[in-house]
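A quick write-up on the structure given underneath.
Bear in mind that the values in this text are calculations on the coordinates, not laboratory data. Everything quoted here is computed from the prediction, not taken from an experiment. All Cβ positions, glycine included, derive from the backbone under ideal geometry; neighbour counts span all protein chains shown.
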Amino acid sequence: MNILHLEASCGWGGQEMRILREAEGMRRRGHQVVFAVMKKGLLIAKAREAGFLVYELNFHKSCWLLVLFQLLRIMKICQIDVVNTHSSLDSWIGGIAARIAKRKIVRTRHLSGEIRSGWNSRLLYGSLADFVVTTCEAIVPQICRQSGRAEETCLSVPTGVEPERIQYASSDSWEFREKLNVKPGQMLVGTACFMRSWKGIDDFLLAAHKLRNDATIRWVIIGGGHFDTYKKKADDLRLDGIVHFTGHLENPYPALAALDVFALLSTANEGVSQAILQAAYLEKPLIATSTGGLREVCLPGRTGIRVDPSSPDQVAAAALSLKRDPILRVRMGERAKLLVEERFVFEKTLDQMEKTYGSLFGRD
């Protein structure tokens with residue numbers, strides 16, 4: 001099968017990583033994969049480095065007619081069977097081009113936030129898609145309702161983890177704790193993300209502030225993003241020595257493995273986060289909101305403690321509860337890893353995507 005991925009985003013985040021990893025996996029399974037990416041998009045270099053053919057297009061609305069003809073040409077030259085669109089702009093133009101060329105269309109929705117109602121939903125997720133893939137279950141009913149899709153043509157396919165890539169030396173994890181001056185007997189609560197407004201960093205800091213007088217709990221934020229904003233807030237709350245910031249880590253696994261508890265407090269847009277899956281695979285008990293796909297991984301009483309969005313009091317209470325019961329932490333961590341192994345490994349992601357593509361042509 002020949003697959004064309006379209007991406008109008010210029011960034012490099014979870015969405016783009018998912019696209020590239022899926023392409024690599026499908027190639028290993030014998031499929032041909034081609035990319036058409038927005039000019040100057042960071043996915044371009046990554047995909048070419050991985051050995052893929054990449055076309056650079058200008059998906060801006062002012063260039064839609066040119067891009068339409070470029071896509072028609074690419075589909076013909078590369079004998080494309082399926083067009084997979086990922087962002088709004090490429091879904092519009094790519095969907096129209098694929099309809100003209102009579103190619104099958106898969107629309108992948110990476111965010112869990114609500115989609116706009118009305119004709120926008122009817123077209124992007126209805127007329128201009130033969131199948132819709134999401135990265136979490138929560139958004140599926142809304143997409144079907146607003147687009148008029150049959151439920152069997154919309155499926156959640158979360159981005160699974162690759163256990164073979166989660167490699168670290170235990171000595172590196174101990175060294176990480178020592179660098180943060182986390183002493184034996186102290187519980188380290190951490191989060192890992194690209195820091196932005198909806199990742200719940202404010203709530204993480206406020207929870208740490210509420211427990212600032214508990215010398216047995218320390219906190220760490222792993223990742224880049226709006227570093228200065230949140231570092232200033234931590235300074236304003238006088239959390240120096242209580243909350244640590246690592247910045248972006250090229251290899252986050254030693255840091256994740258060093259944690260005693262993993263928290264992800266997103267308030268919007270979250271699919272099934274890679275960070276929470278990696279932490280779960282590393283047997284960390286979880287504290288998470290019910291936002292998007294987080295509820296699929298943080299199962300109350302089994303793999304972690306569920307809290308409401310924007311509720312630092314609940315986060316603080318959850319941290320205290322886990323601190324007081326180390327046996328519960330171990331049991332939750334063990335169940336978290338088992339859940340990932342059963343439902344959220346990347347080979348299952350590839351199985352579902354391959355089956356989805358095949359279903360468009362009547363294959364099982």
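Measuring from centroid to centroid over Cα atoms, what is the spacing of segment 217-293 and segment 189-212 in Å?
Cα centres, segment 217-293 to segment 189-212: 7 Å.
Please list, in order along segment 162-169, the HN-Hα scalar couplings obtained from phi with the Karplus expression 6.51 cos²θ - 1.76 cosθ + 1.60 (θ = phi - 60°), rounded to whole Hz, x for Gly and Pro.
Each residue of segment 162-169 in turn: 10, x, 5, 8, 8, 10, 6, 9 Hz.
Figure the gain on full extension for GLU24 and GLU342 (residue separation times 0.36 nm, minus the Cα-Cα span) and round it to one decimal in nm. Numbers along the way, then the final one.
Details: separation 318, 0.36 × 318 = 114.48 nm, distance 2.22 nm.
Fully extending the segment from GLU24 to GLU342 adds 112.3 nm.
How high is the relative contact order of segment 163-343, in percent, counting Cα pairs under 8 Å that sit 6 or more residues apart? Mind showing how you got there, number by number?
Working: 333 pairs, mean separation 40.9, N = 181.
This gives 23 percent for segment 163-343.
GLY113's amide H: which non-local residues (gap 5+, or another chain) put their own amide H closer than 5 Å, with H modeled 1.01 Å from N in plane and none for Pro or chain starts?
ASN269
What does the C-alpha gyration tensor say about the overall shape of segment 163-343? Classify as rounded when a/c is under 1.5, otherwise prolate if a/b is larger than b/c, or oblate. Intermediate results must be reported in sequence, preceding the final value.
Numbers: a/c = 1.25, a/b = 1.15, b/c = 1.09.
In terms of gyration-tensor shape, rounded.
Relative contact order for the chain using alpha-carbon pairs under 8 Å, separation at least 6, rounded to a whole percent?
With pairs under 8 Å counted, the relative contact order is 14 percent.
In whole Hz, what ³J(HN,Hα) sequence does segment 204-212 give by Karplus (6.51, -1.76, 1.60; θ = phi - 60°), x for Gly and Pro?
4, 5, 5, 5, 4, 5, 5, 9, 4
Search the structure for amide H atoms under 5 Å from the amide H of GLY224, placed 1.01 Å from N in the peptide plane, and list their residues when 5 or more places away or on another chain.
Excluding prolines and chain starts, which carry no amide H, the hits are MET195, HIS248, LEU249.
Please list, in order along segment 79-91, the HN-Hα scalar couplings obtained from phi with the Karplus expression 6.51 cos²θ - 1.76 cosθ + 1.60 (θ = phi - 60°), rounded to whole Hz, x for Gly and Pro.
Ordered by residue, 3J(HN,Hα) equals 6, 5, 9, 10, 9, 10, 9, 9, 10, 4, 4, 6, 5 Hz.
Which angle between 0 and 90 degrees, to the nearest 10, do you get for helix 346-359 versus the longest principal axis of the chain when only C-alpha atoms count?
Here the helix axis deviates by roughly 20 degrees.
Pull up all non-local amide H partners of SER9: gap of 5 or more, or a different chain, and H-to-H distance under 5 Å with H placed in the peptide plane.
Sorted by chain and number, the residues that satisfy this are MET38.
How much FRET efficiency would the formula 1/(1 + (r/R0)^6) give for TRP12 and ALA101, where r is the Cβ-Cβ distance and R0 is 51 Å, rounded to 0.05?
Numbers: r = 29 Å, r/R0 = 0.57.
My answer for the efficiency is 0.95.
Compute the distance in nm between two label points, each set 7 Å from the Cα along the Cα-to-Cβ direction, one at GLU178 and one at PHE245.
In this crude label model, GLU178 to PHE245 measures out at 2.6 nm.
Between SER127 and SER171, with labels modelled 7 Å along Cα→Cβ, what's the label distance in nm to one decimal, could you check?
Label at SER127, label at SER171, 6.4 nm between them.
How high is the FRET efficiency from SER321 to SER359, r the C-beta distance, R0 51 Å, rounded to 0.05?
The value I calculate is 0.70.
For a Förster distance of 22 Å, can you work out the FRET efficiency between the beta-carbons of ASN269 and ARG48, rounded to the nearest 0.05?
Working: r = 29 Å, r/R0 = 1.31.
It comes out at approximately 0.15.
Using the per-residue mean of other Cβ atoms lying within 10 Å as a proxy for protection, in what order, highest first, do the peptides 7-15, 125-133 fall? Mind dumping the intermediate values first?
Numbers: 7-15: 19.0, 125-133: 21.2.
Result, highest mean Cβ count within 10 Å first: 125-133, 7-15.
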